[in-house]
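> I have a structure I would like to understand better, so I am pasting it below and will then ask my questions one at a time.
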Amino acid sequence: MAKTPQAIRGTQDIFGAEAEAFAFVVETFERVRKLYRFRRVEMPVFEKTEVFSRAIGETTDVVSKEMYSFDDRGGESLTLRPEFTAGIARAFLSNGWQQHAPVKLATHGPLFRYERPQKGRYRQFHQIDAEIIGAGEPQADVELLAMADQLLKELGITGVTLHLNTLGDGDSREAWRAALVDYFLGVKDELSEDSQERLEKNPLRILDSKDRRDQKFVADAPKIDQFLSDDARAFFDAVTSGLDAAGVKWARAESLVRGLDYYRHTAFEFIPDEGSEAAGKLGSQSTILGGGRYDGLMESLGGAPTPAVGWAAGIERLAMLVGEKAEPAADVVIVVEHDARIPEAVSALKRARDAGLSGELIASGSPRKRYDKAVKRSPKTIISLKQDMEYSISGDDESNPQVLETLPEYK
């Protein structure tokens, strides 16, 4: 006998209560994004490789180590999307979506990264994503963060705080970057190998290093607040006061950074509080949802300067925090205990579904055991069709009238 194929490492088959939790996350996201008037977009699963290499950066681990890239039959390099923002930015430019700016966009679906699989992380994983493109005012950041905060609350995820920082405007960031390089050059030989490499390419990334060799120097590193221009300071103040007005709990996180040069102003992550249930499931340093303002991204793709801000969250991680969800009970299950009544049952079930009631038909297997099968599924109402015109009804008394209104012959 041929060996049964197995799933590819880093992928998953989702079923049962886990699938219900996954669906709950997506359904809640769809409902919340409509409340905030974000427009749904669908993006290609693959793009030209240059879309990601130019947007994410050639020196990043994502581009250099984690992308699934391949040449198509025409010899063009294509890549399975490792994130949403680059593709959405490309679509904004190539489809003329500038005419709709400012535009609020939302999407969800699978992404692909070749990284070491671990709890909550997969090589094919899924994210929800929200972006506001063409809005440069701080209120756009507040709107996006309030949406994220409401989403987590409606998912029932508690014990989570928004960690917030500013990267300043272009001049502020460059001055801070230069000061960081000077500071870390003085201790270069004592830094980790990764941070020694980052010092040349991405010095801001040293600030969020988890290596103990780096952390002892981070506390005394220059802070962005020393270099903020008046405009950058006013922008951050407007974001924080807006969050206070919206009732979003936040905490300043001075070491929270984004390494790529096109990031500006707001950077943020929602992180479990120490000792919370969410921290117990994912770890207190795990990011649940994160993002920032990327005002310089469109230029890297050949577009005009365009302000933008966005966030993304892993559906698998959110589903882990939501916990397993049981499949909702059916409104009605019709059991056929005499096969001659199958057509009648099919007709009755159609009327129930047309009326918006969920339902199932049980008409296979031993006639004597069909009713027991229905009971095990715990529907709100069971209608059992017996020989001749006999029938019986059982279940939730409150649901029976609604069911029977759709099935006039059983009143």
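Readers should treat all values here as calculations from the given coordinates under stated rules, not as data from a laboratory. If you're wondering where the values come from, they're calculated on a predicted model, not measured in any experiment. With ideal geometry, Cβ positions are generated from the backbone for all residues, glycine too; neighbour counts draw on all protein chains shown.
> Once you put a point 7 Å from the Cα of ARG31 and another 7 Å from the Cα of THR4, both along the Cβ direction, what distance in nm separates them?
3.7
> For LYS281 and GLU193, calculate 0.36 nm times their separation in residues minus their Cα-Cα distance, and state this gained length in nm to one decimal.
Between LYS281 and GLU193, full extension yields an extra 28.6 nm.
> Using the charge dipole of the chain (Lys, Arg: +1 at Cβ; Asp, Glu: -1 at Cβ; taken about the Cα centre), state which of GLY291, ALA219, LEU185 has its Cα farthest towards the positive end.
Ranked along the dipole, the leading option is GLY291.
> Looking at the chain, send over the antiparallel percent of its DSSP beta bridges, to the nearest 5.
75
> Could you tell me the calculated FRET efficiency between ASP237 and GLU274, based on Cβ-Cβ distance and R0 = 35 angstrom, to the nearest 0.05?
Calculated value: 0.80.
> From the square roots a ≥ b ≥ c of the eigenvalues of the alpha-carbon gyration tensor of the chain, which class results: rounded (a/c under 1.5), prolate (a/b over b/c), or oblate?
Note, shape of the chain comes out prolate.
> Is any residue of region 349-369 close enough, with backbone N under 15 Å, to a label point placed 7 angstrom from the Cα of HIS338 along the Cα-Cβ axis, and if so, which?
367-368
> Can you pull out the GluC sites (Glu not before Pro) in region 1-93 whose DSSP state is coil and whose Cβ has at most 12 other Cβ atoms within 10 Å?
GLU42, GLU58, GLU76
> Tell me what the chain gives for mean residue ellipticity at 222 nm when only DSSP H runs of n ≥ 4 count, each as -39,500 (n - 2.57), the sum divided by the residue total, rounded to 500 deg cm²/dmol.
-11000 deg cm²/dmol
> Still on this model: Work out the length of the dipole vector of the chain about its Cα centre, built from +1 on the beta-carbon of each Lys and Arg and -1 on the beta-carbon of each Asp and Glu, and round it to the nearest 20 debye.
1100
> Projected onto the charge dipole of the chain (+1 at Lys/Arg Cβ, -1 at Asp/Glu Cβ, origin at the Cα centre), which of HIS338, PHE235, ILE56 gives the Cα projection farthest towards the positive end?
The residue sitting farthest along the positive end of the dipole is HIS338.
> Sticking with this structure for a sec: Which entries of LYS153/LYS325; LYS350/LYS380; LYS65/LYS201; LYS153/LYS210; LYS188/LYS223; LYS350/LYS386 show an alpha-carbon separation above 21 angstrom in the structure shown?
From LYS153/LYS325; LYS350/LYS380; LYS65/LYS201; LYS153/LYS210; LYS188/LYS223; LYS350/LYS386, over 21 Å: LYS153/LYS210.
> Around ALA17, with a cut-off of 11 angstrom between Cβ atoms, what is the net charge of the other residues, counting Lys and Arg +1 and Asp and Glu -1?
-3
> Sticking with this structure for a sec: Among THR49, THR11, rank each residue by its count of other Cβ atoms within 10 Å, from fewest to most, as a rough exposure measure.
In increasing order of surrounding Cβ atoms, one gets THR11, THR49.
> Between LYS201 and ALA245, how many nm apart are label points set 7 Å from Cα along the C-beta direction?
With each label placed 7 Å out from Cα toward Cβ, I get 4.2 nm.
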